[in-house]
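So the structure is just underneath, and the comments pick up after that.
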Amino acid sequence: MRIDTPSDAAPTARGPTRRRLFELALTVAVAAALLSITLHFVDIHQVSQGLRKIGLSAALFAAALLLAQVVLCALRWMLITRLTPTPLPFREATRGYLEAAFVNAFLPSLIVSDGTRMVRAMASGASPTHAFVGVASDRLVALCALAMASATGLFLLPETSRHPLIVLALVGLLPAFVIGLVALDILGRMFVRFSRFRIVRPFLELASLMERLRRMPGLTALVIAISLIGHALSAGSFYILARQLELGIGYWEMFALSAPIIVYSAVPISVGGWGVREALSAALFALIGIAPASGVALSIAFGLLTSAVGLFCGAIALAATFRSRALAFRKAPQS
C-alpha cells in the first residue's frame, strides 16, 4: 500500500497557485504595456505638468465623493439582497464594498472584487448560489445605470454625432446590456429543465431574481436611481480633477464621458484599470478637442485617487474586522 507524503501532494497544491501567479503576472504585463504605449504617443512632460496642478484640497474633496459612492453602492446591494433568502444588513454590505474597493484598486478589476463581496455575503450566512446571485444582480443594475449615463452623451455632447467612434463608445453599452438581459431571460425560461445540474442553478436563480426585480418597478427605480447618483459622485471626482487640470469641460459632459471609461477600464485585462483607462481617456477626450496628454493626466490622477481611496477603504475594513473579532473574544465564555 502506498501512502502519499506531503511532497507527493505539493505539486497538486502548487498547480493552482502557479496558475494564479501567472495570470496576475500576465495582467500586470498587459496593463504596463497599454500604459507604456499610451504614454509613448503623448507629451509626458505635459502630463507631469498637469498632475502638479492638482491641489490637496481638491483631491480630498474628490476622494470624499468616491467614498460616498462606496456607501451608496452598499445601500443598493443591501436592497437587492432582500430579494434573496439571506438579505445582507447594511453594515455587512458596507464592509463588503470597502473590501472590494481595496481589492479592485490593486488586483485585476471587477472579477476579484466581486469575489470578495461573495465571500463577505457567505460569511454573513448566504449560500454560494445566493451570494453569487446577489452580487451579480447588483453588478447588472450598476451596469444598467452606467449604460444610461453613457447614452446621455448624445444629448449632452451634440458634437459627438460627427464622430462615429465616440457615438459607439457612448451608446454601445446600452444595446449590449439589453441583449445580455434578453439572453439571461431566455436562459431562465428555456433551461429550467436542466436545473438538476449544479452548474446551471446559479444562472437560473439570477434570471429569476432579475425577473422579480422587473416586476417591482418601485424597487427597480430606486436601485437604478441610487446607481445614477453614485455615478454622479464618481463623475464629480472626474470633474474636480478636470477643473484642476484646466480642461474646460463641464460637469454634465464629464457625467457622460466618464461612464464608458469606468465600464471599459473594469474589464479584467489590467490591474485597477491602469493602461486601459489611460488609453480610453486619451482617445475619447481627443475626439472632443482636448489634448490626449490632458486626458491621460486626468486618467492617471483619477487612478491614483482611486488607489488612495482603496487603501483607506481597506484600512477601515481591516479595523472593522479586528473590532468584531475583539468583541467576539470578549463575549466568549471564560474557560
Of 221, 94, 104, which is farthest along the charge dipole of the chain in the positive direction, counting Lys and Arg as +1 and Asp and Glu as -1 at C-beta?
-> 94
Correct response: the longest run of the chain lacking exposed chymotrypsin sites (Phe, Trp or Tyr not before Pro), defined by DSSP loop and at most 16 other Cβ within 10 Å, is 42-190
Please report, as a whole percent, how much of the solvent-accessible surface of the chain comes from carbon and sulfur atoms (probe radius 1.4 Å).
-> 70 percent
In nm, the gap between the two label points placed 7 Å beyond Cα toward Cβ at residue 181 and residue 32 is 4.2 nm
Here FRET efficiency (C-beta to C-beta, residue 18 to residue 119, R₀ 30 Å, nearest 0.05) is 0.85
Top mean-square fluctuation among 154, 284, 75, Gaussian network model of the chain, C-alpha springs under 10 Å?
-> 154
Simple SL model, points at 7 angstrom along Cα→Cβ for residue 53 and residue 167; separation in nm is 3.1 nm
Projected onto the charge dipole of the chain (+1 at Lys/Arg Cβ, -1 at Asp/Glu Cβ, origin at the Cα centre), which of 130, 316, 69 gives the Cα projection farthest towards the positive end?
-> 130
Listed residue (265, 288, 230) projecting farthest to the positive dipole end of the chain, Cβ model = 230
Would you calculate the separation in nanometres between label points at residue 323 and residue 214, each defined as 7 Å from the Cα along the Cα-to-beta-carbon direction?
-> 4.2 nm
Kyte-Doolittle mean at least 1.6, axial Cα span of 15 Å or more - DSSP H helices of the chain | 56-81, 173-190
Quote the charge dipole size of the chain about the Cα centre in Debye, to the nearest 20; the model charges only the Cβ of Lys and Arg (+1) and of Asp and Glu (-1).
-> 1240 debye
Here the residues of segment 35-52 lying in the modelled label zone of residue 304, meaning backbone nitrogen under 14 Å from a point 7 Å along Cα-to-Cβ, are 45-52
What residues qualify as long-range amide H neighbours of residue 271, i.e. H under 5 Å apart, gap of 5 or more or another chain, H built at 1.01 Å from N?
-> 31
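The values are calculated or read from the model by the stated rules, or taken from the named source; none is laboratory data. In this text, all values refer to a predicted model and were calculated from it rather than measured experimentally. Glycine gets a Cβ as well: all are built from the backbone with ideal geometry, and neighbour counts include every protein chain shown. Remember, those area values only see protein heavy atoms, side chains included, never the ligands or the DNA or RNA. Shrake-Rupley method; radii C 1.70, N 1.55, O 1.52, S 1.80 Å.
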